[in-house]
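Let me begin by presenting the structure, written as structure tokens, before commenting on it.
The values are calculated or read from the model by the stated rules, or taken from the named source; none is laboratory data. Not measured: the values here are computed from a predicted model. Every residue, glycine among them, receives a Cβ derived from its backbone with ideal geometry; neighbour counts consider all protein chains shown.
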Protein chains: 2
Amino acid sequence: MSEGVEWALHSILNLAWAGPEHAVSAARLAAYYDLPPAYLNKQLQALVRAGLVSSGSGPRGGFRLARRLEDITLMDVVAAVEGPEEAFRCAGIRLRAPRGRPHEDGPVPEPAEDCQIHQAMREAELVWRRELAGRTLADVRDRVERVSPGVPRRARRWFAAARTTS
Amino acid sequence: MSEGVEWALHSILNLAWAGPEHAVSAARLAAYYDLPPAYLNKQLQALVRAGLVSSGSGPRGGFRLARRLEDITLMDVVAAVEGPEEAFRCAGIRLRAPRGRPHEDGPVPEPAEDCQIHQAMREAELVWRRELAGRTLADVRDRVERVSPGVPRRARRWFAAARTTS
């Protein structure tokens, strides 16, 4: 999984703490963690394409949450940033195996979808995806606010200061 | 996940079908799927280090299973090839956030281990790992032998032919 997932998850929480009424630029979101703005912008655009975040241009432009944190799951963010590919990469090497003797060995290898290795790996991965889909960013926010109440306060103040100075 | 996981899983099944009494060279295992032998050898060495496969040198050398398929899980193979790293990469960017005002915001950010995003991602991933650890290569072999009985037969014959001609 790319580092973009970590960046996107933290940025979504920061957008929530900055407040839904305020748009925040990619540069400002990046500055909070000292990240490269152009690369963070790429992740933010992926979140926009996935409908998790909206973007506006102009002097008051920037990024805002397009959904409530209750409606954004960890799976939404992973899928937005990483794409729909499975973690297990199946190149279907099985289809390159030597062909047998048709009458003794039955039909030639079936399509990769029927590969039992692929299926077993996919079944395990689906359990993971279901788990990610069962956790919302609101759950994570609530945990942060309970365990480290200074973190949201600090973020809120920092992004508010950006608005008055820029 | 690298393509090496797919290669390693198939090669382990092929070693089982070739028979525990016969060592198979990396070149021969690679030829079965037309894979680059040096790169497959790298994966096989990782399986040796993990204790899943044993290797011997000399004219009768090669690779054999070091455990029964009942004692090799999907997790064993993923960990051997991919290493112990979590799929979710946490670079701890959270620790680079601006420091707050100590009296108002509480202590500075805690170590990355306490990051709620990291914890939520890790919890979901542990469910996946438990799932992988609950499936053995014997389960996969049984499914292949039931669904595609020609596949094991073909592999067994092909690796046996290699022994008589080399």
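Does any residue of the range B:33-50 turn out to be of a type in the set (Ser, Thr, Tyr), more than 9 Å from chain A (Cβ to nearest Cβ) and surrounded by fewer than 16 Cβ atoms within 10 Å (Cβ to Cβ)? Yes, the range B:33-50 contains at least one residue that is of a type in the set (Ser, Thr, Tyr), more than 9 Å from chain A (Cβ to nearest Cβ) and surrounded by fewer than 16 Cβ atoms within 10 Å (Cβ to Cβ). Within the range B:57-85, the set of residues being at pLDDT 90 or above, within 25 Å of residue B:121 (Cβ to Cβ) and part of a loop (DSSP other than H, G, I, E, B) comprises just one member, B:83.
Does residue B:155 satisfy the criteria of being under 16 Å from residue B:8 (Cα atoms) and either at pLDDT below 85 or within 10 Å of chain A (Cβ to nearest Cβ) (or both)? Here the answer is yes, as residue B:155 does meet what is asked. Does residue A:95 fit the bill of being out of contact with any Cys (no Cβ under 6 Å at 6 or more places or on another chain) and assigned to a helix (DSSP H, G or I)? Answer is yes for this residue. Has the range A:12-24 got any residue that is surrounded by fewer than 14 Cβ atoms within 10 Å (Cβ to Cβ) and either modelled with pLDDT under 95 or not β-branched (Val, Ile, Thr) (or both)? Yes, there is a match, as at least one residue in the range A:12-24 is surrounded by fewer than 14 Cβ atoms within 10 Å (Cβ to Cβ) and either modelled with pLDDT under 95 or not β-branched (Val, Ile, Thr) (or both).
The single condition from (1) more than 30 Å from residue B:74 (Cα to Cα); (2) surrounded by 14 or more Cβ atoms within 10 Å (Cβ to Cβ); (3) of a type in the set (Lys, Arg) that residue A:94 fails is (1). In the set (1) acidic (Asp, Glu); (2) at pLDDT 95 or above; (3) in a loop (DSSP other than H, G, I, E, B), residue A:110 fails one condition alone, (2).
A residue that is closer than 28 Å to residue A:133 by Cβ, at pLDDT 90 or above and not in a helix (DSSP H, G or I) occurs somewhere in the range B:122-135.
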